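Single-structure report; data block below.
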Amino acid sequence: MENTRNTNIDKLDYGTVAGTNTLLRSVFLWMTLALTVTTIASLMFYFIPSLSLLLFTETEVGVKLSVFAWVVMLAPIGFVLLMSFAFNKLSYSALIAAFIAYATINGISLSFIFMIYELGSIFNVFLSSVALFAIMAIAGYTTKTDLTKLGSLLFIGLIGIVIASLINMFMRSDTMSYVCSILGVIIFTGLTAYDVQKIKNMSTQSDGSVMFKKLSIMGALTLYLDFINIFLYLLRLFGSRK
C-alpha cells in the first residue's frame, strides 16, 4: 500500500494564469475529484462481491491474490512515473485521462484496507487525515518562511523511509514498521505545507498557455499523494484491525 511520490514540479516547464487563488482552486478541485474517484472505486471493489472476486484466485492450498490484484497494486507507480517524466509530451486530455485512471486503479488497490481494518476506524482516521492535511495546507499558504530547504530535507527523509520499508519487507519488524509510520506522517505533513507554498509561488507568472492547466493536474497529483500517504501512515498507527 505504499504510494510512490515522484512529482518534482520544480523541474517542469510551466505557464500560469495570474492569481494564486486561481491556480490553487484548480489544483484542489482536481485533487478532490481524484479522491472522490479513489473512494468510490475502493468501496465498489469491497462491497460488490463480483468485483471483489476479481482480486483473488482459489488454489488447492487456499486463496491468493490474482494477477489482476498484482496489476492494480503495481500500476499506480507506473502512472505516476508516466505523468512526471512525460509531462511535456502528453496532451492536456491525455494527462487528465492518466490522472483519473491512476486515481481509479489506486482506489481498487486501497480496497484491501477494508479487509484489514474496521470500517469505523477507517472513517475516523480519514477525518483525522483531512484535518491534518487542511492545517498544513493553510500553514503552507500563509507562512512567510521559505520552505525550500525543508522540502529538500523531507524528500531525503522520504527516500530513507522507502529504503527502510523495502528492508522491512524481509525483516518483518513491527518496531521498524511503527517508526517508519511515525516518520511517514511527519514527512508528508511537512511536504503538504511545502507543496502548497510551491504551487502558490508558481502562480506569480503568466503566459496564458495551456501549460497552466497541465500544471494544475500535476499540482493535484502531488497533493493527492501527500494526503493518501498521510492517511495510510495514520491508519497503520491508529487503525483498529479486524
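Checking the a/c ratio against 1.5 first, then a/b against b/c, what shape does the Cα gyration tensor give for the stretch 122-166?
oblate
If only Cα atoms are counted, what is the Rg of the stretch 160-224, and what is its Dmax, in Å?
Here Rg and the maximum Cα pair distance are 17.2, 52 Å.
Over what distance in Å are the Cα centres of the stretch 23-63 and the stretch 165-230 separated?
Measuring centre to centre over Cα atoms gives 20 Å.
Calculate the FRET efficiency for LEU29 and ALA86 from the Cβ-Cβ distance with a Förster distance of 30 Å, rounded to the nearest 0.05.
Efficiency, rounded to the nearest 0.05: 0.85.
Run the simple label-point estimate for ILE138 and ILE96 please: 7 Å along Cα→C-beta, distance reported in nm.
If labels sit at ILE138 and ILE96, their model points lie 3.2 nm apart.
Out of ILE40, ILE159, ILE113, any idea which swings most in a Gaussian network model of the chain, alpha carbons joined below 10 Å?
Result: ILE159 has the largest fluctuation of those listed.
Cβ under 13 Å from VAL27's Cβ, VAL27 left aside: what net charge do those residues give with Lys, Arg +1 and Asp, Glu -1? Let's see the in-between values first.
Values: positive: ARG25, LYS198, LYS200, LYS213, LYS214; negative: ASP195, ASP226.
Computed value for this residue: +3.
Mind counting lysine pairs for me in the stretch 15-238? Cα separation below 23 Å, and the two need to be 8 or more apart along the chain or on different chains.
Taking the Cα cut-off of 23 Å, the pair count is 11.
Nearest 10 degrees, 0 to 90: what angle lies between the long axis of helix 92-110 and the longest principal axis of the chain (Cα atoms)?
Rounded to the nearest ten degrees, it is 30.
In degrees, nearest 10, range 0 to 90: what is the angle between the Cα axis of helix 148-171 and the longest Cα principal axis of the chain?
Around 10 degrees separate the two axes.
Take the alpha-carbon positions of the chain, form their convex hull, and give its projected area averaged over all directions (one quarter of the hull surface) in nm². Don't skip to the answer; put the middle values down first.
Numbers: hull surface 54.8 nm².
Projected over every direction and averaged, the Cα hull of the chain covers 13.7 nm².
Helix 20-47 versus the longest principal axis of the chain: what is the Cα-based angle in degrees, 0 to 90, to the nearest 10?
Tilt of helix 20-47: around 10 degrees.
Given 10 °C and 1.306 mPa s, compute D for the stretch 57-187 with the Stokes-Einstein relation, Rh being the Kirkwood radius over Cα pairs; round to the nearest whole µm²/s.
Value of D from the Cα-based Kirkwood radius: 87 µm²/s.
Please sort 30-37, 71-78 by packing, taking for each peptide the average over its residues of neighbouring beta carbons within 10 angstrom, highest first.
30-37, 71-78
What number, rounded to the nearest 500 deg cm²/dmol, is the helix-based mean residue ellipticity at 222 nm of the chain, given -39500 (n - 2.57) per DSSP H run of at least four residues and division by all its residues?
-25500 deg cm²/dmol
Read-outs throughout are calculated quantities, based only on the coordinates presented, and are distinct from any laboratory measurement. In this text, all values refer to a predicted model and were calculated from it rather than measured experimentally. All Cβ positions, even for glycine, are placed from backbone atoms using ideal geometry, and neighbour counts span all protein chains on display.
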